[in-house]
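All remarks here apply to the structure that follows.
The values are calculated or read from the model by the stated rules, or taken from the named source; none is laboratory data. For clarity, every value in this text was computed on a predicted model and none was experimentally measured. So basically every Cβ, Gly included, is an ideal-geometry build from the backbone, and we count neighbours across all protein chains shown. Areas reflect the complete protein model, heavy atoms only, side chains present, ligands, DNA and RNA absent. Shrake-Rupley method; radii C 1.70, N 1.55, O 1.52, S 1.80 Å.
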Amino acid sequence: MTEQDFIPETYSKTKDSGSVTWSSPSNIALVKYWGKKADQIPENPSISFTLDHCKTTTILSFSKKESSDIFSFEVFLDGEQKDSFKSKIETFFKRIESYLPFLRDYHFKIETSNTFPHSSGIASSASGMSALALCLMSIEKELSGEVSETYFNQKASFLARLGSGSACRSIEGDLIVWGTHKGIDGSSDLFGVKYPFQVHQNFKNYQDTILLVDKGEKQVSSTVGHNLMHNHPFAARRFEQAHENMSELIEIFKNGDVDAFLKIVESEALTLHAMMMTSMPYFILMKPNTMGIINKIWTFRKETNSKVCFTLDAGANVHVLYPESEKDAVLEFIKSELAIFCQNGHYITDQIGFGAQQISD
Ligand code: DP6
């Protein structure tokens, strides 16, 4: 597939107005996307677990307008008008308009809400951009008539990527690869694909509890962070390492080796932060409580032989990953030893999910 494949022919149907609703999840990367070329073309392949409970629901209402000169839309978060979201959406519309030529023909009302608090420090761009991309695809489907499910999902992921890179991994589940990798046929820099190989039972229903260490605004926007990988002294080696880690994970997913899995996952998280610490300008996004949690997890693992591990986003919060078979023991550990590191003791219990869902009106 190339970009050209996502430019539609003329639409066979017309529609004056309507409304579509999608609910789309967040995802957590195991091999991280950090570093991009223009339009969210990633510097290296990444792979993620799709989440289940952390999601955004978006209702997109559309009505035909007189002229097609400008983009016209309004945005609401939890029922309140959010003009601060407009410039991001305007940029998104500009990037995708050649793939969705109807965008200037309608006025849109975008009503969105998240299952997680907006101020939780959990990035809503993956779930939010994927939900919006899916709504737009539903409109395109109404205008084109028949569209195959594969094309629908691929184009939704392709559009979501143009909004926010990691959003392209939120359309489906439960394991999604994005970025070309030689060992994974069909992998693409343009959109996410379902991981195509065998996955051992040990990795089914994996659990993710998100410890909310710092609910504040992000110190560094991800776009600024990605750009710091340009001229970064360690970038070239880091991109190679991501390819190597993907190759190793293919074996690990097959043979079920959770010890090898957690080494790669934790190393990826620390490498992401190491890249930020060694860029110019440099940042430390981990907080003392992030380190407190990591040390507690390592001690717990040593003492109990548990397979619990952590990963991090570009922030201070910690994702605690563990097999379903350890759910009770790890939740008890989180409650008794890790919750104290969280702001107001807050954490969110989630698990692997299977992708976005259309909600019928
Ligand atoms: C650290 O997808 O938020 O979460 O493409 O600029 O919108 P943009 O960046 P974004 O970057 C996410 C980076 C990450 C790692 C990952 O999810 O792979």
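Data for the structure
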quantity: Matching residues in the stretch 64-89 - criterion: being in contact with a Ser or Thr (Cβ under 9 Å, 6 or more places away or on another chain), part of a strand (DSSP E or B) and open to solvent by 50 Å² or more (accessible area, probe 1.4 Å); calculated: Lys64
quantity: Members of the stretch 31-50 that are part of a helix (DSSP H, G or I) and surrounded by fewer than 22 Cβ atoms within 10 Å (Cβ to Cβ); calculated: Ala38, Asp39
quantity: Given (1) of a type in the set (Val, Ile, Thr); (2) within 15 Å of the ligand (Cβ to nearest atom); (3) open to solvent by less than 20 Å² (accessible area, probe 1.4 Å); (4) not in a helix (DSSP H, G or I), index of the condition Ile184 fails; calculated: (2)
quantity: Filter pass, Ala242 being hydrophobic (A, V, I, L, M, F, W, C), open to solvent by 50 Å² or more (accessible area, probe 1.4 Å) and either outside any loop (DSSP other than H, G, I, E, B) or without any contact (Cβ under 8 Å) to a residue 60 or more places away in the chain (or both); calculated: no
quantity: Ser130 vs. criteria open to solvent by less than 60 Å² (accessible area, probe 1.4 Å), at pLDDT 95 or above and in a helix (DSSP H, G or I); calculated: yes
quantity: First in the stretch 15-40 and within 26 Å of Ile252 (Cβ to Cβ), second anywhere and modelled with pLDDT under 95 and among the acidic types (Asp, Glu), Cβ under 9 Å, 6 or more apart; calculated: Ile28/Asp313; Ala29/Asp313; Lys32/Asp313
quantity: Residue selected from the stretch 90-116 under the condition in a loop (DSSP other than H, G, I, E, B) and under 23 Å from Ile359 (Cα atoms), by the criterion modelled with the lowest pLDDT; calculated: Phe116
quantity: Residue in the stretch 136-145 that is within 11 Å of the ligand (Cβ to nearest atom) and farther than 21 Å from Tyr195 by Cβ present; calculated: no
quantity: Test: Ser221 is within 16 Å of the ligand (Cβ to nearest atom), among the small types (Gly, Ala, Ser) and open to solvent by 10 Å² or more (accessible area, probe 1.4 Å); calculated: yes
quantity: Some residue of the stretch 141-156 being under 11 Å from the mean Cα position of the chain (by Cα) and touching a residue at least 60 places away in the same chain (Cβ under 8 Å); calculated: no
quantity: Residue satisfying condition, being among the polar types (S, T, N, Q) and under 23 Å from the mean Cα position of the chain (by Cα), within set Thr271, Thr304; calculated: Thr271
quantity: Tally of residues being more than 10 Å from the ligand (Cβ to nearest atom) and open to solvent by 10 Å² or more (accessible area, probe 1.4 Å) across the stretch 149-170; calculated: 6
quantity: Selection status of Ala160, touching a Cys at 6+ places or on another chain (Cβ under 9 Å), under 30 Å from Asn289 (Cα atoms), not polar (S, T, N, Q) and not assigned by TED's automatic domain parsing to the domain that holds Val330; calculated: no
quantity: Strands (runs of 3 or more DSSP E) fully within the stretch 268-361 counting 1 or more residues that are out of contact with any His (no Cβ under 7 Å at 6 or more places or on another chain) and among the aromatic types (Phe, Trp, Tyr); calculated: 318-322, 347-351
quantity: The lone exception for Ile28 - which of (1) in a strand (DSSP E or B); (2) over 30 Å from Leu285 (Cα atoms) it fails; calculated: (2)
quantity: Subset tally (residues that are of a type outside the set (S, T, N, Q) and either surrounded by 24 or more Cβ atoms within 10 Å (Cβ to Cβ) or in the same structural domain as Cys309 (by TED's automatic domain parsing) (or both)) for the stretch 14-27; calculated: 2
